[in-house]
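The values are calculated or read from the model by the stated rules, or taken from the named source; none is laboratory data. Being a predicted model, the structure only gives us computed values, none of them experimental. With ideal geometry, Cβ positions are generated from the backbone for all residues, glycine too; neighbour counts draw on all protein chains shown.
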Amino acid sequence: MSSQFVTLARHAKSSWKTENQADFDRPLNERGARDGHTMARRLLNRQCIPDLLLCSSARRAQETAAFLYTELKLSEEQFELHDELYLASAGTLLDILSTVPVTVNHVMVVAHNPGLEALSDLLAGRTLPPLPTLGIRQFAVSSIRELGSYKNNAAHSDTHKADPVSPAKLVFEDYPKADRGDL
């Protein structure tokens, strides 16, 4: 059986300028918008085009996903908003991934830390470097839906103690400043 793919994307850099603005409602700042264009083009150049893009309903995640949706030429049927992805734990992310339709071979999730970092560590079977804003990690897995069986391990992953038995292989990792060699 061929591999399926899970691509995790942290939202782009957001603004803290508006006083008393709820965290959920924060928009991207200028750097976030610039990085959105850059990373969407990089994904297109890699032909990293998901069958399904799952996105947190937080404003900054939706604005990030809009760059990906547009550049990767996704259809409305390939895009889903999920309130549960807002600040989701690794366990919640696994629950959501386990409901992905069997016809999906590549799912992308646009969400938030610390859940994305914790899930990355769990999938890799080791502690990975911090995931910066609009950091992207792609994993090859035998079955997206079967990742839910690793939920018991997710409690440990949320504390960044990865399980040495990895359910996935890290295919690539990219982030806006990767071409400059810094975070």
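Considering each residue of the range 121-140, count those that are hydroxyl-bearing (Ser, Thr, Tyr) and on the phi > 0 side of the Ramachandran plot, and give that number. Even if it seems obvious, please write down each step before you answer.
Within the range 121-140, the subset hydroxyl-bearing (Ser, Thr, Tyr) is 127, 133.
The next check asks that each one be on the phi > 0 side of the Ramachandran plot; those that pass are none.
The qualifying residues number 0.
In the set Thr38, Thr99, only one residue is touching a residue at least 12 places away in the same chain (Cβ under 8 Å) and under 20 Å from Tyr175 (Cβ atoms); that residue is Thr38.
When Ile96 is tested against the conditions (1) modelled with pLDDT of 95 or more; (2) surrounded by fewer than 16 Cβ atoms within 10 Å (Cβ to Cβ); (3) farther than 23 Å from Pro176 by Cα, the lone failure is (2). The number of residues in the range 116-140 being out of contact with any strand residue (DSSP E or B) (no Cβ under 7 Å at 6 or more places or on another chain), in a helix (DSSP H, G or I) and not hydrophobic (A, V, I, L, M, F, W, C) comes to 2.
Filtered by the rule that a residue be of a type in the set (D, E, K, R) and surrounded by fewer than 15 Cβ atoms within 10 Å (Cβ to Cβ), the range 121-152 gives Arg126, Glu146.
Restricting Leu85, Leu68 to residues that are in contact with a Ser or Thr (Cβ under 9 Å, 6 or more places away or on another chain) and surrounded by 17 or more Cβ atoms within 10 Å (Cβ to Cβ) narrows the list to Leu85. Being at pLDDT 95 or above, in contact with a Cys (Cβ under 7 Å, 6 or more places away or on another chain) and at negative phi holds for only one residue in Ala118, Ala61, Ala9, and it is Ala61.
Against the numbered list (1) in a helix (DSSP H, G or I); (2) modelled with pLDDT of 95 or more; (3) of a type in the set (S, T, N, Q), Asn113 comes up short only at (1). Which helices (runs of 4 or more DSSP H) does the range 1-107 wholly contain that include 2 or more residues that are in contact with a Pro (Cβ under 8 Å, 6 or more places away or on another chain)? Qualifying helices (runs of 4 or more DSSP H): 30-45, 59-71. Output the residues belonging to the range 71-82 that are surrounded by fewer than 17 Cβ atoms within 10 Å (Cβ to Cβ) and out of contact with any strand residue (DSSP E or B) (no Cβ under 6 Å at 6 or more places or on another chain). Hits for the range 71-82 are Lys73, Ser75, Glu76, Glu77.
Residues that are touching a strand residue (DSSP E or B) at 6+ places or on another chain (Cβ under 6 Å), in contact (Cβ under 8 Å) with a residue 40 or more places away in the chain, surrounded by 21 or more Cβ atoms within 10 Å (Cβ to Cβ) and more than 20 Å from Pro132 (Cβ to Cβ): does the range 43-51 have at least one? Yes, the range 43-51 has at least one match.
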